[in-house]
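Here is the structure we will look at.
The values are calculated or read from the model by the stated rules, or taken from the named source; none is laboratory data. This one's a predicted model, so the numbers in the text were calculated from it and none came from an experiment. No Cβ is skipped: glycine too gets one built from the backbone with ideal geometry, and neighbour counts run over all protein chains shown. Ligands, DNA and RNA are stripped out before the accessible areas are found, and what is left, the full protein with its side chains, is counted by its heavy atoms. Shrake-Rupley method; radii C 1.70, N 1.55, O 1.52, S 1.80 Å.
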Amino acid sequence: MTDKTANQMWGGRFAAGPDAIMEAINASIGFDKRLAGQDIAGSRAHAAMLAAQGIVSDSDAEAIREGLLTVLSEIEGGSFVFSTALEDIHMNVESRLKEIIGEPAGRLHTARSRNDQVATDFRLWVRDQFDAAEGGLLALIRALLTQAEAGADWVMPGFTHLQTAQPVTWGHHMMAYVEMFGRDLSRVRDARKRMNESPLGAAALAGTSFPIDRHMTAAALGFDAPCANSLDAVSDRDFALEFLSVASISAMHLSRFAEELVIWSSAQFRFVALSDRFSTGSSIMPQKKNPDAAELIRAKVGRIFGANVALMMVMKGLPLTYSKDMQEDKEQVFDAADNWMLALAAMTGMVADMTARRDNLAAAAGSGFSTATDLADWLVRVLNLPFREAHHVTGSLVALAEKKGCDLPDLSLAEMQGVHAGITQDVFAVLGVENSVNSRMSYGGTAPEQVRAQIDRWKARLA
């Protein structure tokens, strides 16, 4: 591509071509070629509208339509040659279209600008990513539901501060992540609905004097309506920021779960066994089975968070309307989307393949004085002690058990009565972990009956 050819794309305003440095900093084709499908879809909708409105002839619109399909075929087939001299995907497509169909290609850009063109392309691309994220989240939620249903009554320790707190069930723990990723799903759907307006036809910033039909192009591209203000249409990147925000929150949830899988699969916990498909070995230690997929998910959060902050910084000081700074929006979103989708897929695979070690979970559930709260509740319920007094009595019993090197159920009745004379043999019924979890029947509690009710609620919701 010669400078002369490049200048023709700009028109007569520039007498000399940009030097190599300017070309390098100005060109975006290295990354925005990912918008090719969306760019061509937008151009086809625009050409059809121009013809319907009598702005271009039907024959020119048909030539444009066929030519764009040829360009798309070349891009998808890998034979298309992208040029940095043509800066971006829009000019690359238009230049190739002119080579294919000649003079009618020059009519395609009537009543639009690259400003509304790129805003439309980018919205279409982000909308596709929201749809992909919805699919990824649904798959992960279903995998978690399968795990929850299998272990609705499997006891395990619940933690606060990573210290044993109270017994819960495996199913209850899995359902906590269903709720988290369910909120992510809700955010995806909400943000997608809000962003689904078309910038096409806003032109450079002020609209156009041509008698275009923006509702026609919006409908053709699956938008609910055109953007209502042309200034906002070309300068808005809230949809990209919302995508990154939703991705960041979801990635944080993925990272929290990944952290638990790293801990749970360790020799010290042995709560779960991850499949070989999502683990690696050591080059020197033959006994090692490393949870690398979980660790990489945990690490990818930084890239997604970073993209969110980077785009915020790009947009924070821009006056209306378009500024070239906004060219820096896409790489951040592209990278975040790639890593979010990959992390979702990897987590879904790990959840589907992992095996909960039921015996180890149960053994751990009864350790660490996990039924101390049940003992305190019994003292309140049966002996009518004020809770603060019951808390003190229970603490004394825990201290005694700790001194003896045993757990609460291992204390004798006489030892317990030495702390509080009113304690009876009935207390031992609440010190078992099975009894503990079965008693937690409040809505959203860990009792298996409640867990199964939440599983059924989610199944109905997904159906």
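Restrict the search to the stretch 306-387; then list the chymotrypsin sites (Phe, Trp or Tyr not before Pro) that DSSP places in a loop and that have at most 12 other Cβ atoms within 10 Å of their Cβ. Write down the numbers at each step before the final one.
Details: sites: 322, 334, 340, 369, 378, 387; in loops: 322, 369.
Counting only loop positions with at most 12 other Cβ atoms within 10 Å, none of the chymotrypsin sites (Phe, Trp or Tyr not before Pro) in the stretch 306-387 qualifies.
Give the separation of the Cα centroids, the stretch 117-141 to the stretch 331-383, in Å.
29 Å
Rolling a 1.4 angstrom probe over the protein chains, ignoring ligands and nucleic acids, what is the accessible area of residue 44 in square angstrom, nearest 10?
90 Å²
I'd like the orientation of helix 58-77 relative to the chain: the angle between its Cα long axis and the longest Cα principal axis, in ° from 0 to 90, rounded to 10.
The two axes meet at around 50 degrees.
Full extension from residue 290 to residue 459: what is 0.36 nm times the residue separation minus their Cα-Cα distance, to one decimal in nm?
Numbers: separation 169, 0.36 × 169 = 60.84 nm, distance 3.32 nm.
Length difference between fully extended and current span is 57.5 nm.
Grab the Cα-Cα distance for residue 134 and residue 367, subtract it from 0.36 nm times how many residues apart they are, and report the gain in nm with one decimal. The partial results should precede the final answer.
On the way: separation 233, 0.36 × 233 = 83.88 nm, distance 3.96 nm.
Stretched fully, the residue 134-residue 367 segment lengthens by 79.9 nm.
Determine the gain in length on full extension of the stretch residue 452-residue 268; use 0.36 nm per residue of separation and subtract their C-alpha separation, reporting nm with one decimal.
Working it through step by step, the gained length comes to 63.2 nm.
Mind giving me the nanometre distance, one decimal, between the label points for residue 429 and residue 415, set 7 Å out from Cα along Cα→Cβ?
The two pseudo-label positions are separated by 2.3 nm.
Assuming R0 = 51 Å, can you tell me the calculated FRET efficiency for the pair residue 406 and residue 277, based on Cβ-Cβ distance, to the nearest 0.05?
Here the calculated transfer efficiency is 0.75.
Which pairs in the list 289/403; 330/459; 33/193; 33/316 are over 28 Å apart, alpha-carbon to alpha-carbon? Working shown, then result.
Details: 289/403 37 Å; 330/459 36 Å; 33/193 26 Å; 33/316 26 Å.
Too far apart for the 28 Å limit: 289/403; 330/459.
For helix 238-264, what angle does its Cα long axis make with the longest principal axis of the chain, in degrees from 0 to 90 and rounded to 10?
30 degrees
Along the charge dipole of the stretch 336-463, Cβ charges K/R +1 and D/E -1, which of 455, 394, 341 sits furthest on the positive end?
It is 341, whose Cα lies furthest towards the positive end.
Please report, largest first and rounded to whole Å, the three semi-axes of the ellipsoid equivalent to the stretch 46-113, where each semi-axis is the square root of five times an eigenvalue of the C-alpha gyration tensor.
Details: eigenvalues 94, 34, 17 Å².
Value: 22, 13, 9 Å, ordered largest first.
Using only alpha carbon positions, build the gyration tensor of the chain, then give the equivalent ellipsoid semi-axes as the square roots of 5 times its eigenvalues, largest first, whole angstrom.
Values for the chain, descending: 62, 22, 19 Å.
If 300, 330 are ordered by their accessible area, calculated over protein heavy atoms with a 1.4 Å probe, which sequence runs from highest to lowest?
From most exposed to least exposed: 300, 330.
Can you sort 110, 84, 120 by 1.4 Å-probe accessible area, starting with the largest?
84, 110, 120
Quick check: pseudo-label points 7 Å beyond the Cα along Cα→Cβ at residue 324 and residue 210, how many nm apart are they?
Going by the 7 Å Cα→Cβ label model, 2.6 nm.
Going highest first, how would you order 239-248, 191-200 by mean Cβ packing within 10 Å?
Sorting 239-248, 191-200 by mean packing, highest first, produces 239-248, 191-200.
On a 0 to 90 degree scale, rounded to 10, what angle separates helix 448-462 from the longest Cα axis of the chain?
Here the helix axis deviates by roughly 10 degrees.
With the dipole of the chain worked out from charges on the C-beta (+1 for Lys and Arg, -1 for Asp and Glu) around the Cα centre, which of 313, 437, 223 lies farthest toward the positive end?
Of the listed residues, the answer is 437.
Report the label-to-label distance for residue 165 and residue 231 in nanometres (one decimal), using points 7 Å from each Cα along the Cα→Cβ vector.
5.0 nm
Which percent of the accessible area of the stretch 84-240 is formed by carbon and sulfur heavy atoms (probe 1.4 angstrom)?
Roughly 50 percent of what the probe reaches on the stretch 84-240 is carbon or sulfur.
So for 295, 94, 434, what's the accessible-area order with a 1.4 Å probe, most first? Intermediate results must be reported in sequence, preceding the final value.
Numbers: 295 65, 94 35, 434 95 Å².
Listed by decreasing accessible area, they come as 434, 295, 94.
Expressed as a whole number of Å, what is the distance separating the alpha-carbon centroids of the stretch 146-185 and the stretch 202-264?
34 Å
How much FRET efficiency would the formula 1/(1 + (r/R0)^6) give for residue 219 and residue 316, where r is the Cβ-Cβ distance and R0 is 30 Å, rounded to 0.05?
Efficiency, rounded to the nearest 0.05: 0.30.
Could you give the accessible area per residue of the chain, probe 1.4 Å, as a whole number in Å²?
On a per-residue basis, the chain sits at 46 Å².
With r as the distance between the Cβ atoms of residue 256 and residue 26 and R0 = 56 Å, compute the FRET efficiency 1/(1 + (r/R0)^6) and round to 0.05. Don't skip to the end; give the middle numbers.
On the way: r = 41 Å, r/R0 = 0.74.
Using R0 = 56 Å, I get an efficiency of 0.85.
Might you report the magnitude of the Cβ-based charge dipole of the chain about its Cα centre, with Lys and Arg at +1 and Asp and Glu at -1, to the nearest 20 debye?
Working: 44 positive and 57 negative charges, 117 e Å.
Rounded to the nearest 20 debye, it is 560 debye.
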